[in-house]
Structure formats: C-alpha cells, structure tokens
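The values are calculated or read from the model by the stated rules, or taken from the named source; none is laboratory data. What you are looking at is a predicted structure, and each value in this text was computed from that prediction instead of being measured. Cβ sites come from the backbone with ideal geometry, for glycine too, and all protein chains shown count toward neighbours. Accessible surface areas use protein heavy atoms only, side chains included; no ligands, DNA or RNA. Shrake-Rupley method; radii C 1.70, N 1.55, O 1.52, S 1.80 Å.
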Amino acid sequence: MRASEIIAEDLTRRGFLGAMGAGAATGAQASLGLKMPTDFNVLSNNPQNEITLQKVAIGSGLKGPELAQFLAQMKHESWNFERLKEKPMGKGYFEKRYGVQYAPKTARILGNTRPGDGEKYHGRGFVQLTGRDNYRMASRALNIDLINHPEYAARPDIAAKIAIWYWKTRVRPNITNFKDTATVTKYINPAMRGLKDR
C-alpha cells in the first residue's frame with residue numbers, strides 16, 4: 001500500500017473526507033458483500049458495530065448534537081468501534097489495575113470486592129463498562145445477567161444498550177450543552193484522556 005493510500009484510508013476511517021469518504025466506505029462495504037442501510041452515515045471500518053450503536057441510539061431518542069456527541073464519545077472509547085473489550089497490557093493486568101489485592105482504592109470505587117473481580121469485570125462494550133458495581137447496575141436496569149455473564153457486555157447489541165443506559169443515567173443529567181465536548185468527557189473519562197479525538 002502506498003503512503004497516499006494509507007493516508008486516504010486513515011482519513012476515510014476517521015470521517016474527515018465527508019461525502020467522498022462515505023463513497024469510498026460504501027464501495028468497500030459493497031466489495032465485502034455487506035448490505036448497508038442508506039440512512040446511516042458510517043465513519044469507521046466497523047460498519048456492523050457502528051450501525052448497531054446508531055440504531056439503538058436513534059431508537060432511544062438521541063438526535064442532533066446529543067447524538068453526534070454520543071457517537072463521538074463511543075467511537076473513542078471503543079477504538080473506532082473496533083474493540084468491545086479492554087485490551088490487557090500484560091499478564092495479570094486487570095487484577096493489578098482493578099483488583100482488591102493490588103489496587104484496593106480503585107477496587108473499592110468500582111465495587112470489586114472479591115479476588116478475580118478485576119479480571120471478571122474489566123472494561124467491555126462501547127462505553128467500556130468497568131467494575132462489579134457498574135455491571136450490577138446495568139444488569140438490573142437492562143434485565144440482563146451481566147454479573148454471572150460479564151462477557152455479554154461485549155456483544156454489540158447488548159453493548160449498545162449499556163452505552164445508552166450509561167449515557168442517560170450518568171452523562172445526560174449533567175449536561176446542558178452537548179457541543180461542549182470537554183464537559184461531556186468528564187462524565188465518561190474524568191482523566192480527560194483522548195479529548196482531541198473525542
């Protein structure tokens with residue numbers, strides 16, 4: 001692949017080429033045999049995940065700047081809709097980061113009370129749901145057994161429902177201007193990581 005093709009592909013994936021990029025993406029989808037609805041703007045190389053999330057978001061009433069902000073935030077959190085599971089950075093990573101034995105303060109905040117909770121309830125889904133307490137609350141709200149089956153949170157259909165639940169309970173009540181990306185980001189990633197990309 002030539003440098004110009006790599007740059008064009010990257011710009012298309014990130015949505016910077018507008019209609020031209022959408023045309024290129026549609027051509028790529030057609031060549032893969034994917035059938036895409038015409039009423040969705042697909043900005044990533046992961047149309048299945050992206051469209052699943054868009055459908056659930058629109059169906060739940062998100063629109064305008066709120067919908068745009070929601071999709072931008074979820075795009076960043078899920079690495080361009082590619083990864084619905086947090087990536088471990090070495091052996092025992094999740095326990096060291098979230099477990100009661102290695103990170104008691106973080107574990108307490110997340111509601112991880114048992115050995116193995118850090119691994120079991122690591123980040124999953126579009127919003128990277130993390131911690132026993134968050135899994136428990138999402139489980140109750142959505143009537144899905146995420147406590148015994150945390151892996152369900154990485155299924156695109158369930159991940160989309162979790163993202164909307166999280167947005168409507170943790171983000172929306174605190175926001176008056178959905179064009180204010182910095183304020184929105186505070187309620188998703190208090191450390192403000194990736195603000196420019198969001």
Quiz item: Residues in the range 177-198 that are closer than 19 Å to Gly125 by Cα, in contact with a Lys or Arg (Cβ under 7 Å, 6 or more places away or on another chain), open to solvent by 30 Å² or more (accessible area, probe 1.4 Å) and part of a helix (DSSP H, G or I): how many?
Solution: 0
Practice problem: Keeping to the range 97-109, report how many residues are part of a helix (DSSP H, G or I) and surrounded by fewer than 16 Cβ atoms within 10 Å (Cβ to Cβ). | Solution: 4
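Considering every residue within the range 134-142, establish whether at least one is more than 21 Å from Gln69 (Cα to Cα) and outside any helix (DSSP H, G or I). Break it down stepwise before answering.
Of all residues in the range 134-142, those more than 21 Å from Gln69 (Cα to Cα) come to 134-142.
Now narrow it down to the ones that are outside any helix (DSSP H, G or I): none.
Checked the range 134-142: no residue is more than 21 Å from Gln69 (Cα to Cα) and outside any helix (DSSP H, G or I).
For the range 142-155, state whether one or more residues are at pLDDT 95 or above, of a type in the set (Asp, Glu) and more than 28 Å from Asp197 (Cβ to Cβ). Working first, answer last.
We begin by selecting, within the range 142-155, every residue at pLDDT 95 or above; these are 142-155.
From what's left, of a type in the set (Asp, Glu): 145, 151.
Checking which are more than 28 Å from Asp197 (Cβ to Cβ) leaves us with 145.
Yes, some residue in the range 142-155 is at pLDDT 95 or above, of a type in the set (Asp, Glu) and more than 28 Å from Asp197 (Cβ to Cβ).
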Self-check item: Output for the range 115-140, where each listed residue is open to solvent by 70 Å² or more (accessible area, probe 1.4 Å), within 25 Å of Lys91 (Cβ to Cβ) and touching a residue at least 24 places away in the same chain (Cβ under 8 Å)
Solution: Glu119, Lys120
Practice problem: Residue by residue through the range 48-85, note down the ones that are among the acidic types (Asp, Glu) and either buried (at least 20 other Cβ atoms within 10 Å of the Cβ) or assigned to a helix (DSSP H, G or I) (or both). | Solution: Glu50, Glu66, Glu77
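Would you mind finding the one in Asn112, Asn143, Asn174 that is of a type outside the set (A, V, I, L, M) and surrounded by 22 or more Cβ atoms within 10 Å (Cβ to Cβ)? Walk me through how you get there before you give the answer.
Details: Asn143 fails: surrounded by 22 or more Cβ atoms within 10 Å (Cβ to Cβ); Asn174 fails: surrounded by 22 or more Cβ atoms within 10 Å (Cβ to Cβ).
Just one listed residue meets the conditions, Asn112.
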Quiz item: Checking Glu151 against (1) under 27 Å from Pro47 (Cβ atoms); (2) open to solvent by less than 60 Å² (accessible area, probe 1.4 Å); (3) among the charged types (D, E, K, R), which test does it fail?
Solution: (2)
